[in-house]
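Read-outs throughout are calculated quantities, based only on the coordinates presented, and are distinct from any laboratory measurement. Predicted model, so just to flag it, every value in this text is computed and none were measured. Quick reminder, even Gly has a Cβ in these numbers, built from the backbone with ideal geometry, and neighbours come from all protein chains shown.
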Amino acid sequence: MKNTDKILGKAVDIIVRHLESNSQVVNYQTANLLKKKIDLTLPDDGATLEELLPIVESYLQYSVRTGSTQFFNLLFSGYSIPGILGEMVTSAANTTMHTYEAAPVATLMEIELIKKLNDLVGFNEGEGLMVTGGSNANMIGMLCGRHQVLPEAKLKGLGNHQLVAFVSEQAHYSYAKAANLLGIGIDNLVKVESDNDGKMISEALEVAIQKSLSEEKTPFFVGATAGTTVLGAFDPLPAIAEITSQYGLWLHVDGAWGAPVLFSDKHKHLLVGSELVDSFTWDAHKLMGVPLICSAILVRDKGILRQACSGGGTDYLFHDDENESYNLGQMSLQCGRKVDALKSWLCWKYYGNKGYQKQIDNLFEIANYATEYIRNCDNLELIAEPEFLNICFRYISQEHKFDSTALDDLNLEIRQKLIHSGAAFVNYAHYQGKTIIRLILANSELKKADLEKFFHNFVNAGKICEESITYNNS
């Protein structure tokens with residue numbers, strides 16, 4: 001351990017400089033070029049800690065700066081010092097979450113964290129667990145639904161039962177993976193029509209359920225979404241819950257992106273009816289700014305997680321003792337499970353409910369500003385009226401006529417130009433037959449000046465790309 005403190009101090013300095021740097025979002029390199037610039041070999045003889053520091057610097061030099069206020073690419077952005085501190089402590093302690101005996105403080109923190117999340121959703125007697133991402137939380141929600149309708153499937157499989165699940169056509173692709181893994185079959189995942197705002201149409205859901213019944217199949221699960229990945233739409237939970245209650249279906253909500261609106265008195269109406277659902281996905285690593293991965297599956301009624309997920313381990317892992325009721329492992333599909341609760345607990349302790357409310361409200365104001373900026377810019381077209389923090393738009397030309405395919409290609413070229421230059425990192429999506437730019441506002445540090453900088457760079461890049469295309473075609 002000689003000089004370890006000095007080496008770790010230097011490493012922390014490198015990380016802090018990376019976080020505070022105002023340089024480009026990414027130092028873009030092709031994969032073949034990057035392989036030549038970084039020594040990726042693993043030698044026979046080990047290196048010293050000191051020799052690892054330049055590698056850490058190179059890693060950060062060529063990594064995407066997701067903490068930058070010009071990073072709008074995914075449903076997360078920014079960074080949190082309490083969260084980073086939590087990651088450091090978690091790695092240093094290096095425990096696992098299967099029993100209270102192995103992780104006493106972390107267990108109590110996770111239980112408290114889950115209770116607070118359940119309170120926000122409206123699950124007064126609920127339970128829950130930290131899991132390895134929103135996709136896995138959605139899968140566990142579907143597993144709980146399967147267990148409710150067909151508990152014998154845990155031991156004997158589906159048999160001749162043809163279970164059917166329903167999600168919006170705007171829902172996350174993880175539901176298809178869940179249908180595959182749980183033996184439901186992707187073809188038995190019915191995608192229900194959404195309206196022009198991207199919300200599931202409840203009447204279409206009921207028609208789809210009745211159709212499955214007429215085909216002598218077994219409808220069992222509905223996956224609603226709170227904040228879809230493209231438009232940021234919130235499905236109408238009260239109307240959907242009325243239908244699932246009528247037909248005895250499990251209702252899950254993928255709130256991975258949109259759940260934190262529940263912190264805001266002004267915007268929590270978007271999740272009205274959340275207390276009516278059976279399970280709920282919450283990703284703290286998205287809008288709450290906690291380091292990846294930090295996800296939870298929340299369930300309204302206690303007992304179902306253990307019933308659906310438990311299996312084995314009682315002969316050597318789970319012991320009868322005074323803390324048995326605090327063992328979380330039998331509610332989990334995992335055995336080894338990283339402590340994700342600490343970083344989220346520290347962030348919540350640092351910001352408090354009021355701090356998170358302020359962040360959410362501020363981002364909605366930023367979204368309104370972005371929307372009006374697009375409306376007032378001749379070279380930008382708003383594709384959909386935003387309900388949340390997803391701003392969908394595209395570049396349009398005032399000087400040249402482009403057909404739909406050429407306009408799609410132009411917007412893709414603008415995006416690539418911004419990424420390759422390191423000026424901004426933003427993503428695209430396809431909506432109503434158009435290729436559009438999807439601007440995600442997740443960084444709590446965003447200011448109007450950051451958006452002005454982005455749009456200025458975007459329009460300038462658009463004009464350069466536009467002239468290049470017309471010149472090459474002339």
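At 7 Å along the Cα-to-beta-carbon direction for both Q398 and S91, put a label point, then send me their distance in nm to one decimal.
It is 4.9 nm.
How big is the Cα convex hull of region 349-473 in projection, averaged over all directions, in nm²?
Its Cα hull, projected and averaged over all orientations, spans 8.5 nm².
Calculate the radius of gyration of the Cα atoms of the chain to one decimal place, then report Dmax, the largest Cα-Cα distance, as a whole number, both in Å.
Over the chain's Cα set, Rg and Dmax evaluate to 24.2, 81 Å.
So, in Å, what gap is there between the alpha-carbon centers of region 28-78 and region 395-412?
Comparing the Cα centres of region 28-78 and region 395-412, I get a distance of 35 Å.
Compute the distribution of all C-alpha to C-alpha distances in region 1-79, in bins of 5 Å from 0, and list the percent of pairs in each, rounded to whole numbers.
Going out from 0 Å in 5 Å bins, region 1-79 shows 3, 13, 20, 18, 19, 15, 8, 4, 0 percent.
Once the Cβ-Cβ distance between D361 and N32 is put in as r, and R0 is 51 Å, what FRET efficiency do you end up with, to the nearest 0.05?
Efficiency at R0 = 51 Å is approximately 0.65.
Could you give me the ³J(HN,Hα) list for region 358-375, computed from phi with Karplus coefficients 6.51, -1.76, 1.60 and θ = phi - 60°, whole Hz, x at Gly and Pro?
Karplus-based 3J(HN,Hα) across region 358-375 equals 4, 4, 5, 4, 5, 5, 5, 5, 4, 5, 4, 5, 4, 4, 5, 4, 5, 4 Hz.
Sum -39500 (n - 2.57) across every DSSP H segment of at least 4 residues in the chain, then divide by the residue count to get the 222 nm mean residue ellipticity, nearest 500.
-14000 deg cm²/dmol
What are the residues whose amide H is under 5 Å from the amide H of L389, where those residues sit 5 or more places off or on another chain and H is modelled from the backbone?
The list, which skips near neighbours in sequence, is empty: none.
For q = 0.18, 0.25, 0.26 Å⁻¹, what log10 I(q)/I(0) does region 132-174 give under the Debye formula with an equal point scatterer on each alpha carbon and no solvent?
So the normalised log intensities are -0.62, -0.96, -0.99.
Would you mind counting up the charge near N427? Only other residues with Cβ under 12 Å from its Cβ, with Lys and Arg at +1 and Asp and Glu at -1.
Counting the neighbours of N427, the net charge comes to +2.
Can you compute 3J(HN,Hα) from phi for each residue in region 179-185, using the Karplus curve 6.51 cos²θ - 1.76 cosθ + 1.60 with θ = phi - 60°, rounded to whole Hz and x for Gly and Pro?
4, 5, 5, 8, x, 6, x
Assuming a viscosity of 0.692 mPa s and a temperature of 37 °C, what translational diffusion coefficient in µm² per second does Stokes-Einstein assign to region 291-383, Rh being the Kirkwood radius over Cα pairs? Could you put the intermediate results ahead of the total?
Working: Rh = 17.8 Å.
Diffusion coefficient, whole number: 184 µm²/s.
Take every DSSP beta bridge with both residues inside the chain and express the antiparallel ones as a percent of the total, to the nearest 5.
In the chain, approximately 55 percent of DSSP beta bridges are antiparallel ones.
Over region 284-340, what number does the Rg to Rh ratio reach, with both radii from the alpha-carbon atoms and Rh per Kirkwood?
1.03
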